[in-house]
Each structure stands twice: as structure tokens, then as C-alpha cells.
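Undergrad: Got a structure for you, questions after.
The values are calculated or read from the model by the stated rules, or taken from the named source; none is laboratory data. Because the structure is a prediction, the values reported are computed rather than measured. As a convention, Cβ positions derive from the backbone with ideal geometry for all residues, glycine included, and neighbour counts pool all protein chains shown. These area figures cover heavy atoms from the full protein model, side chains too; ligands, DNA and RNA do not enter into them. Shrake-Rupley method; radii C 1.70, N 1.55, O 1.52, S 1.80 Å.
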Amino acid sequence: MEKVTVSLPAELLSRIEQHRAGTGASRSEVIADLLWRGWRELELVEREDRYRAAYRSQPETAQEVEWAELAAGELLVAGEGAPVEAPKAKGRPRRAAR
């Protein structure tokens, strides 16, 4: 553990203290928990931003959309009849999922 000094707005500190009193946790525990939660949220936002940027630079092809719709349709009707026929592959064959 390391000790740091941080300045907080009075209203925020008051809310932290109310939460701390209600949970019985120490101020350090409450602040560390909030920081970890915020950090995970930041990582999630950054991951979503990277995904969106990658998708913009290489969007799905029409064939990939067709395959995704086929898979979704099969999930919806699973066990209710014959499997749906796969679309005819154009281009290189797709590798099976592992």
C-alpha cells in the first residue's frame, strides 16, 4: 500500500463519508473500491472505442452479415426442425470455430 494526499470537493467527501458510515468500511476501502470501479469502466470504454475504430476501418462484408443472420436464425429455431442451409461461400473458405 502507498499513501497519497488528494483534494476532493466537500460534497464528494460528504457522500463518501455517508457511504462509508452505511457500510462500515474504512475511507481508504471505499475510495479504493470506487477507483477500481472507475478504472474498470474506463477500460471498458477504451475497449469499446477500439472495437468501433476497428469496425470502421474494416466493416463486415455482406457475406459475414449473411452468416451472422443465419447463425441468429438457427439459435432462434434450435430444436424446432431442420437446420437452416448455409449460404454458398464466395471467396476463401471460412475456418471452423474452435
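Undergrad: Provide the net charge surrounding ARG56, with neighbours chosen by a C-beta distance below 12 Å and charges set as Lys +1, Arg +1, Asp -1, Glu -1.
TA: 0
Undergrad: In the full protein assembly as shown, how much of LEU76 is accessible to a 1.4 Å probe, in Å² to the nearest 10?
TA: The accessible area of LEU76 comes to roughly 140 Å².
Undergrad: While we're looking at this one, here's another question. So if each residue of separation counts as 0.36 nm, and I subtract the Cα-Cα distance between THR5 and TYR55, what length gain in nm does that give?
TA: Computed gain between THR5 and TYR55 is 13.8 nm.
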